[in-house]
1. Under 15 Å from the Cα of residue 497, which aspartates and glutamates turn up, not counting those fewer than eight places away in the same chain?
2. How long are the three semi-axes of the equivalent ellipsoid of region 118-203, in whole Å, if each is the root of 5 times an eigenvalue of the C-alpha gyration tensor, listed from largest down?
3. Over the heavy atoms of residue 504, what accessible area does a 1.4 Å probe trace out, to the nearest 10 Å²?
4. Report the local net charge at residue 309: Lys and Arg +1, Asp and Glu -1, summed over other residues whose C-beta lies under 11 Å from its C-beta.
5. How large is the charge dipole for region 226-375, taken about the Cα centre, if only the Cβ atoms of Lys, Arg (+1) and Asp, Glu (-1) carry charge, to the nearest 20 debye?
6. What number in nm² do you get for region 405-520 if you take the convex hull of its Cα atoms and divide its surface by four?
7. Based on alpha-carbon positions alone, could you give the equivalent ellipsoid semi-axes of region 1-99 from the gyration tensor, as √(5λ), descending, whole Å?
8. Which of the GluC sites (Glu not before Pro) across region 400-458 are loop residues per DSSP, with 11 or fewer other Cβ within 10 Å?
Amino acid sequence: MPRLIVTAVDTTGIQNYIFGSNVLKHNVGASYLISCATQDWVYEELVALGPTNIDQKGHFNSQTIEEDKHRLTSELVYAGGGNTVILFQSQDTALEFTRRLTRRVLTQAPGLQLVVCHTEFNWESEALSQVVQVVLEKVSQKKRNLTVSTPLLGLSVTADCQYTGLPAVGKNKDDKRISAEIQAKEIAFETAHSTLTQLLPLNGYEIPKDFDDFGRTRGESSYIGVIHTDGNGMGKRVAAIANRYPRPEDNRSYIQAIRDFSQSVKQAAQDALVATYNQLIQSIDPNNKIGGVVPIRDRKLPLRPIVMGGDDVTFVCDGRLALTLTEFYLRQVTAKPLSDDRSLSVRAGIAVVKSHFPFARAYTLAEDLTRSAKEYIKERAAPPFNEQDLSAMDWHFAVSGVTLNLQQIRQQEYTVPGGQLTMRPLRLVSSSNDWRSWETFTNIINDFRSDKWIERRNKIIALRDALRKGEEAVRAFLQVHALPDLPVIPGNPDSAKIGWVGKRCVCFDAIEALEFFVPL
């Protein structure tokens, strides 16, 4: 059998490409174009080049490149997790595919940067599992060392795009000048919106097309939640699959295993999103409010996914639903084992910001919060805890805007002589040896909303100052105002009197979240 070519396709600079605009249509359209560049257009170009193992929708058939070597020109190994791996019969075919795909990206997704790498491979003497890892490392290296392009975008007489400042190529429906990049994103949005509408069980409801369709009005301010979720240890799981098939005779088994894993991750995220929409709709009461609090306006559900990249998912929602929707989604996406017989372990970051807050900054904050949750997961995975497959979430309410990074915010606003005011990040599943869980947090919320505190709203807010001053200040505050005990942490009876467990405050997060917590 002649030497084959292993080709990997990926994108770079996607954060700025997706989140560089405060217009929801641009964000969604950009995300859809990235999906096209690494999946839909890949499928179509492979089919156009000659016989392959998929159809134009990416559905696999039973043909394989080694068994049908005189007929197949290519075989898609997998497409998922942001990259795509393909086998080609010849270098000429691989290069022709690259020319066709990159030309299509240049014309239909201007501004998107594609990275493609190739390497030779002998099916009979080399382990494909190892060669794939090599070509993916080449992709990573190429992304790190990518030469920045500085083309002549326009002359001094060129009108500029009102969204990006790039040379304008026309006007949109709002009569605003737009660049080729924005034009492509706006065109892509309609297809993306239609595709999502067909995927979800909307029951007559609609998906928002604008950030103004989210949130509660406070004068002129509305709040949205920007949620970013990502899988934990996915690279290690992919490597573990590769290590199970180290020999050339394992190549076909490896292809099937990595393909099954990629598809199971995608399906888990899709099923979790569908379940989340179902739960959201079931939470609408006869007064057309979610949880009796968040009104449905013009039958638009206050939830919108932007990025759906397998374990990497970003969505926006009404700020008051951000915590509970994220927790529900995480429970759904981690509920079932994947093809490698382990459930997903996921981290999530939630940034609650005003609806016209710069979206790129909101996403950056959500990413920082995701990293904070990851650090907590790594801490719990190390000795003496040795916990595996843990999921966790962290959040921040940027009600007054954000000028500092997360580390500075936590140091300046949430660190006091007594320790940390925050109990977050929170683990999704409770544990007897770690009280910092979602269950503990919701129990505290419910306690502060119970009858014994219902008439003491002002005192709950004032309690924050006492918590900042430390244990004795809290004890004195409760006594002076004849207040009931604080919510107690199991195994820590003193927490009911002092509001602290060691160097961690128990109640501050819950008090801060009272206005942004609507149960489903």
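The values are calculated or read from the model by the stated rules, or taken from the named source; none is laboratory data. All of these numbers come straight from a predicted model, not from anything done at the bench. Positions of Cβ are backbone-derived with ideal geometry, glycine not excepted, and every protein chain shown enters the neighbour counts. The accessibility values were calculated without ligands, DNA or RNA, using every heavy atom of the protein model including side chains. Shrake-Rupley method; radii C 1.70, N 1.55, O 1.52, S 1.80 Å.
1. Straight-distance partners of residue 497: 447, 471, 472, 485.
2. In descending order, the three semi-axes are 39, 26, 9 Å.
3. About 60 Å², rounded to the nearest 10.
4. -2
5. Once rounded to the nearest 20, the dipole reads 200 debye.
6. 7.6
7. Result for region 1-99: semi-axes of 30, 13, 10 Å.
8. Taking region 400-458 and a limit of 11 other Cβ atoms within 10 Å, the loop GluC sites (Glu not before Pro) found are 455.
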